[in-house]
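The values are calculated or read from the model by the stated rules, or taken from the named source; none is laboratory data. Treat the numbers as computed from the prediction; the structure is a model and nothing was measured. Cβ atoms come from the backbone with ideal geometry, glycine included; neighbour counts cover every protein chain shown.
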Amino acid sequence: MTHPFFSLHSHGFVRVAVAGPRTRVADPAFNVARTIEMAREADAEGASLVLFPELGISSYAIDDLLHQTALLDAVESAIGRLLEASRALHPLIAVGAPLRWRGRLYNCGLIIRRGEILAVTPKIYLPNYREFYEKRHFASGAFIAGEEMEIAGQTAPFGSDVLLEASDFPGLVIHTEICEDVWVPIPPSTRAALAGASVLLNLSASNAIVGKSDYRATLCSAHSARCLSAYLYSAAGQGESTTDLAWDGEAMIYENGALLAKAARFADEPQLILADVDLGRLAAERMRQVTFGDCADMEAGATSFRRVPFELHAPRDKNLGLLREIPRFPFAPDDEARLAELCFEAFNIQSHGLRQRLAAANFQRLVIGVSGGLDSTHALLVAVTAFDALGLPRENILAYTLPAFATTDRTKANAWRLMRALGVSAQEIDVTAACRQMLEDIGHPASRGEPVYDTTYENVQAGARTSLLFRLANRHEALVLGTGDLSELALGWCTYGVGDQMSHYNVNASVPKTLIQHLIRWCARDAHFGAETVAVLRDILDTEISPELVPGDSVQRTEDVVGPYALQDFNLFYTTRYGFAPSKTAFLAFHAWSDATAGRWPADIPAEKRRAYDVEEIKHWLGVFARRFFATSQFKRSALPNGPKVSSGGSLSPRGDWRAPSDSSAAAWLADIEEIP
């Protein structure tokens, strides 16, 4: 038996499948046999829901054969066989069939669960243009609500008003629509989503013509995004009549605009695609996007839905893995082209933000401390770009390297190389004497030569640097440019009132450390900065991340204290973007980080940085994150200077994405972490 932590069902995921079976024209017995085969395959893969195409039991393109009693009787018999076979299967099965009700024929979607028909939904919008003539055969289900249908010896809810709600799986609410229903201006699933449906099904036929596939994909993607839902789409494929049309068997699974799975079109073999839908993420998005709720309130009286309960019985004692790509770097896409585009956007957001601040404040100079580390390097590159765009000389950027007790020769040399290569005004001011004087003034043991390297010792250096920068800004009528990044702010790895927390304007405040590294790599590819700059940027990227505040033979390693930035940025993203509990974040981290396959890493990450983390390490560093983020560092974020929001992952500005009390407890998060094995 597997620990519940490793079950996708324990974290709000549900596995869904879309099937593209082989069919035979107007042969319900053959078609239902293929349906049963694929339902069993989906069951073996751990799916809780499997969707089939429109009119899949009868075939779609059979025209007036739809009015033949023998065929319709055969369809009902086939449904009976499917009901019997489903008794031994876990997943809900959504199939399409032509069904008679009160003297009329309806194009229907049936949801079957373990021998029971949970609901029958009629198609509302019947296309009757170009190649479609559905009004010749079917009646619309637009005004059918609150009714029941007798079929295969069962009585089932019938109408366009049915939502299926899992009573034992929070957030799983299913709505069914059929093909054309999603092509209209206001699809039935839109109102269903506003009424609470999270998984929207579309049983489709949809013949293939040149260019149609792209349109279908765009339609499904946009619809799932607008409805903050999962959208499952299954089109008819091999075996449909090609008298006048052709079929590609397109199958897709979208979640909030993102494609999770897609079948090969025009495949020779039956296609089954699977994906794990994150119902918790959808719920989080709906809760935060208050305009979604406002729209639901406005529509509340327009459409009334029946909620039909059922029990899913999803197992929580099995490790089914996770059929979903979890990026190790949520702030930086793996795809090289997308990453380059993101870097272009992020860099320009930073640069334009600084340009506007300089222009609005009527400053023509800025002051920046340059350490030879990642953050100040990137802030300086942004500043140079902004000054170039404003037509201001680079000499107006007053850059200072400020060595103290533990500054290494490598970082100081890189700071000088960078400042000279970029052509800014460069100067070195050693703050060692000032720091010693302050330590002596406050009676610190280090002033007497004792090796006491405590927080006071470290912050004396940080404070001396910041005080100097602000006074330099006063003297030169300049703006102090901040350099601290989002990751440091999240972890409280910044000293209150000094340069990595306080400045006149901070271009890095909403840029995580992992993205800073990519941005510098991106800048290193830009000939605009020159070959000499590129060389020093590469050396800075290869330098160990360190505050350089404690002297000694070994370099102070920041990640030994706060944790690996790659892992902590992962924790930050899912904590602030979606509000996930630590146990779910750890589950995602396990699936992202437990396999150190090189192919999962961006190509420009050095080999020595590629590593994996097991559950024990993930749990440990998540505990560090929770304590630092929720309990000890909010007061620093509550006093942040201005800076542009850069990433969709959010910022920690008290005026923007993150508003929180400075005296909160981390107990709830730490208790949840204790449940991680």
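Considering only strands (runs of 3 or more DSSP E) fully contained in the range 382-500, which possess at least 2 residues that are of a type outside the set (Gly, Ala, Ser) and within 30 Å of Leu572 (Cβ to Cβ)? It would help to see each step written out before you state the result.
Working: elements: 397-401, 425-428, 479-482.
Of the strands (runs of 3 or more DSSP E) lying wholly inside the range 382-500, those with at least 2 residues that are of a type outside the set (Gly, Ala, Ser) and within 30 Å of Leu572 (Cβ to Cβ) span 479-482.
In the range 264-281, is there at least one residue being without any contact (Cβ under 8 Å) to a residue 40 or more places away in the chain, closer than 27 Å to Thr585 by Cα and in the same structural domain as Gly211 (by TED's automatic domain parsing)?
No, because not a single residue in the range 264-281 is without any contact (Cβ under 8 Å) to a residue 40 or more places away in the chain, closer than 27 Å to Thr585 by Cα and in the same structural domain as Gly211 (by TED's automatic domain parsing).
Does the range 183-198 include one or more residues that are aliphatic (A, V, I, L, M) and in a strand (DSSP E or B)?
At the first step, the residues of the range 183-198 found to be aliphatic (A, V, I, L, M) are 184, 186, 192-195, 197.
Narrowing the set further to residues that are in a strand (DSSP E or B) leaves none.
So far as the range 183-198 goes, no, none of its residues is aliphatic (A, V, I, L, M) and in a strand (DSSP E or B).
Residue-by-condition table, conditions (1) closer than 22 Å to Asn207 by Cα; (2) surrounded by fewer than 24 Cβ atoms within 10 Å (Cβ to Cβ); (3) not aliphatic (A, V, I, L, M):
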{"residue": "Leu83", "(1), (2), (3)": "no, yes, no"}
{"residue": "Ala94", "(1), (2), (3)": "yes, no, no"}
{"residue": "Arg100", "(1), (2), (3)": "no, yes, yes"}
{"residue": "Arg114", "(1), (2), (3)": "no, yes, yes"}
{"residue": "Asn128", "(1), (2), (3)": "yes, yes, yes"}
{"residue": "Glu131", "(1), (2), (3)": "yes, yes, yes"}
{"residue": "Ala152", "(1), (2), (3)": "no, yes, no"}
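Would a scan of the range 57-67 turn up a residue that is part of a helix (DSSP H, G or I), touching a residue at least 60 places away in the same chain (Cβ under 8 Å) and under 19 Å from Ile178 (Cα atoms)?
At the first step, the residues of the range 57-67 found to be part of a helix (DSSP H, G or I) are 63-67.
Pick out the ones that are also touching a residue at least 60 places away in the same chain (Cβ under 8 Å) and you get 63-64, 66-67.
Now narrow it down to the ones that are under 19 Å from Ile178 (Cα atoms): 63, 66.
Yes, some residue in the range 57-67 is part of a helix (DSSP H, G or I), touching a residue at least 60 places away in the same chain (Cβ under 8 Å) and under 19 Å from Ile178 (Cα atoms).
Can you go through Gln356, Gln427 and tell me which one is farther than 19 Å from Gly530 by Cβ, in the same structural domain as Glu477 (by TED's automatic domain parsing), touching a Phe, Trp or Tyr at 6+ places or on another chain (Cβ under 7 Å) and surrounded by fewer than 22 Cβ atoms within 10 Å (Cβ to Cβ)? Write out each step before concluding.
Working: Gln356 fails: touching a Phe, Trp or Tyr at 6+ places or on another chain (Cβ under 7 Å).
Gln427 is the lone residue from the list that is farther than 19 Å from Gly530 by Cβ, in the same structural domain as Glu477 (by TED's automatic domain parsing), touching a Phe, Trp or Tyr at 6+ places or on another chain (Cβ under 7 Å) and surrounded by fewer than 22 Cβ atoms within 10 Å (Cβ to Cβ).
I need the full set of residues from the range 646-677 which are crowded, with 17+ Cβ neighbours inside 10 Å and part of a loop (DSSP other than H, G, I, E, B), in order please.
Step one: of the range 646-677, the residues crowded, with 17+ Cβ neighbours inside 10 Å are 646-647, 649-653, 658, 666, 669, 672-673, 676.
Once the filter is applied, which keeps residues that are crowded, with 17+ Cβ neighbours inside 10 Å and part of a loop (DSSP other than H, G, I, E, B), the range 646-677 yields Val646, Ser647, Gly649, Gly650, Ser651, Leu652, Ser653, Trp658, Ala666, Ile676.
What are the residues in the range 399-442 that are within 14 Å of Gly463 (Cβ to Cβ), touching a Ser or Thr at 6+ places or on another chain (Cβ under 6 Å) and free of Cβ contacts under 8 Å to residues at least 40 places away in the same chain, if any?
Leu439
Just for the range 565-582: of the residues that are part of a loop (DSSP other than H, G, I, E, B) and touching a helix residue (DSSP H, G or I) at 6+ places or on another chain (Cβ under 7 Å), which one is surrounded by the fewest Cβ atoms within 10 Å (Cβ to Cβ)? Spell out the reasoning first.
Residues of the range 565-582 part of a loop (DSSP other than H, G, I, E, B): 577-581.
Now drop any that are not touching a helix residue (DSSP H, G or I) at 6+ places or on another chain (Cβ under 7 Å), which leaves 578-581.
Numbers: Tyr578: 20, Gly579: 14, Phe580: 22, Ala581: 19.
Taking the candidates together, the pick is Gly579.
Among the residues of the range 359-381, which ones are at negative phi and either surrounded by fewer than 18 Cβ atoms within 10 Å (Cβ to Cβ) or in a helix (DSSP H, G or I) (or both)? If you could, list the steps in order and put the result at the bottom.
Initially, the range 359-381 is screened for residues at negative phi, giving 359-361, 363-371, 373-381.
If the condition is that a residue be at negative phi and either surrounded by fewer than 18 Cβ atoms within 10 Å (Cβ to Cβ) or in a helix (DSSP H, G or I) (or both), then Ala359, Ala360, Ala361, Gln364, Leu374, Asp375, Ser376, Thr377, His378, Ala379, Leu380, Leu381 are the ones that fit.
Looking at (1) modelled with pLDDT of 95 or more; (2) farther than 30 Å from Pro582 by Cβ; (3) among the hydrophobic types (A, V, I, L, M, F, W, C), which is the only condition Leu519 fails?
Among (1) modelled with pLDDT of 95 or more; (2) farther than 30 Å from Pro582 by Cβ; (3) among the hydrophobic types (A, V, I, L, M, F, W, C), the lone unmet condition for Leu519 is (2).
Could you tell me whether the range 282-303 includes any residue that is closer than 30 Å to Ile186 by Cα, surrounded by 15 or more Cβ atoms within 10 Å (Cβ to Cβ), modelled with pLDDT of 95 or more and in contact with a Phe, Trp or Tyr (Cβ under 7 Å, 6 or more places away or on another chain)?
For the range 282-303, residues closer than 30 Å to Ile186 by Cα, surrounded by 15 or more Cβ atoms within 10 Å (Cβ to Cβ), modelled with pLDDT of 95 or more and in contact with a Phe, Trp or Tyr (Cβ under 7 Å, 6 or more places away or on another chain): present.
Is it true that Leu232 is in contact with a helix residue (DSSP H, G or I) (Cβ under 8 Å, 6 or more places away or on another chain) and under 20 Å from Leu323 (Cα atoms)?
For Leu232, the condition - in contact with a helix residue (DSSP H, G or I) (Cβ under 8 Å, 6 or more places away or on another chain) and under 20 Å from Leu323 (Cα atoms) - is not met.
Out of the range 34-50, which residues are part of a helix (DSSP H, G or I) and surrounded by fewer than 18 Cβ atoms within 10 Å (Cβ to Cβ)?
Glu37, Arg40, Glu41, Ala44
Looking for whichever is in contact (Cβ under 8 Å) with a residue 60 or more places away in the chain and among the β-branched types (Val, Ile, Thr) here; the options are Ile186, Ile144, Ile151, Ile209. Which one fits?
Numbers: Ile186 fails: in contact (Cβ under 8 Å) with a residue 60 or more places away in the chain; Ile144 fails: in contact (Cβ under 8 Å) with a residue 60 or more places away in the chain; Ile209 fails: in contact (Cβ under 8 Å) with a residue 60 or more places away in the chain.
None of the others qualify; the one that does is Ile151.
Working only within the range 523-552, note down all residues that are charged (D, E, K, R), touching a residue at least 60 places away in the same chain (Cβ under 8 Å) and in a helix (DSSP H, G or I). Don't jump to the end; show me each part of the working.
At the first step, the residues of the range 523-552 found to be charged (D, E, K, R) are 525-526, 532, 538-539, 542, 544, 548.
From the residues that got through so far, the ones that are touching a residue at least 60 places away in the same chain (Cβ under 8 Å) too are 532, 539, 542, 548.
Within the range 523-552, Glu532, Asp539 meet the criteria.
Could you say which residue among Pro327, Pro333 is under 30 Å from Leu380 (Cα atoms) and without any contact (Cβ under 8 Å) to a residue 12 or more places away in the chain?
Pro333
Scanning the range 128-142 for residues that are within 40 Å of the chain's Cα centre (by Cα) and modelled with pLDDT of 95 or more, which turns out nearest to Gln68 (Cα to Cα)?
Ranking the qualifying residues of the range 128-142, first place goes to Ser140.
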